[in-house]
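Asker: Dropping a structure here in structure tokens format, bear with me for questions.
Please treat every number below as a calculation from the coordinates, not as lab data. Remember, predicted model here, so these are calculated numbers, not experimental data. Reconstructed Cβ throughout: ideal geometry from the backbone, glycine too, with neighbour counts over all protein chains shown.
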Amino acid sequence: MTVAQIRSRYVFLIAMRWLPAGLLIPIVVLLPLERGLNIAQIGSVVAIQGIVVLLLELPTGGLADAVGRRPVLLIAGAINLGSLALLAFADTVALLGMAYLLQGVYRALDSGPLESWFVDQALAADPDADIETGLSRGGTASSLAIAGTALLSGALIWLGPIGPVSALTVPVLVALGLSALSTLAVALLMTEERSSRGRAAFAASLRGVPTAIGGALRLARGSRVVLALISVEFLWSFGMVTFEQLMPVRLSEVTTAAGPLMGPVSSIAWGASAAGAALVPLLSRRLGARWTGFTLRIVQGLTIIGMGLLAGPIGVIGAFLLCYLVHGAANPVHAGLLHRQVEGESRTSLLSLNSMVGQPGFAIGSIVLTVVAAGAGTPVAIVAGAVVLAAAAPLYLVKARPGRSVMEFREHSHPGTSESQAL
């Protein structure tokens, strides 16, 4: 395949992957409430997903690097179908907890393989391929997919129940169908050359999982560029609590219509995120990837401060939409910089390491900023989160140690590899 064909498949597959997510966003809390669970119980079971992702992120990344991206994504798709099928009728804490446990396994398996497949295939077709454009288009496609199906979810709920199926359950069933189509699309469109065949080869691939994980950890320890990038992810995730958790609270402080507004506002925000991702190639060509990352992190911090300090719903919502515009642009920039630091054998493991660091970042931010909001007020908590997020900006400008190239870091991540083998 040409780079253009690979890019097209990647954009289609990532859009298919995020379509079901948009359907679930509006009902993630409402559905369990309808079935008799309280807020505390819902919070406890949702936390299971985060814990599972944290524990499995690196092992599943290593599995994808060792066994292959396609088989791992097919396994992930099957587990997601089981999770959604369980969610469709889960009416107890135990059943809902099992659904979120499976969702955590799915998220851990799904984190990174498709993106790594695209980068590896594109660079194999053309070593000078513009991977940032593909990542940008993927970000645009995923954001538009979420925005579209979030609106669809609201429309399905508005239409009411279908026979014995409640209105809030209908989006789950539609998400189940779309997830099945997404898994089928992976099976048909995602081609991958793997020399391993048979049980012995599969077992050998599994034994390579610790090696792949170790390669990512050694790369992070040996490259201050990689260490800086995953530190950005931690601070960024801490600050994300401001617009993912505190935004509805802030909006409720400036208008009594916060509930009805959050649905359409969230959909528009994801559309803004898609537009931001589409702008990345232009920004990167003008400023360079590192300075683009630096600038976007500062600008996003300023938009979050606007969320906290501006008065009235128009100001808060406007700042929120601008925040998502910048957020959508920042994602592919960060991903592109990370991909440039690693070769194929440890690519997914490094992405998983980056994602894993974000889990405690968000968890700590959630605890700290909600405590600050309760004590000092929501605006103060939002501004504090903005400062932490913007503090990550200088880390994008960190350079490799003098005299050490990216190739040296690659060799460092694979001890014993000669220069000719690395090339």
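Asker: With N denoting the number of residues in region 70-150, provide Rg(C-alpha) divided by 2.2 N^0.38 Å, to two decimal places.
Answerer: Values: Rg = 16.4 Å, N = 81, 2.2 N^0.38 = 11.7 Å.
The reported ratio for this selection is 1.40.
Asker: What is the ratio of the Cα radius of gyration of region 1-125 to 2.2 N^0.38 Å, with N the residue count, to two decimals?
Answerer: 1.20
Asker: Which peptide among 236-243, 140-147, 174-181, 30-37 comes first, and what is the full order, when sorted by highest mean count of other Cβ atoms within 10 Å?
Answerer: With the highest mean Cβ count within 10 Å placed first, the list reads 236-243, 140-147, 174-181, 30-37.
Asker: Can you tell me the length gained on complete extension of the stretch THR92 to ALA47, counting 0.36 nm per residue apart and subtracting the Cα distance?
Answerer: Contour length minus Cα-Cα distance gives 14.6 nm.
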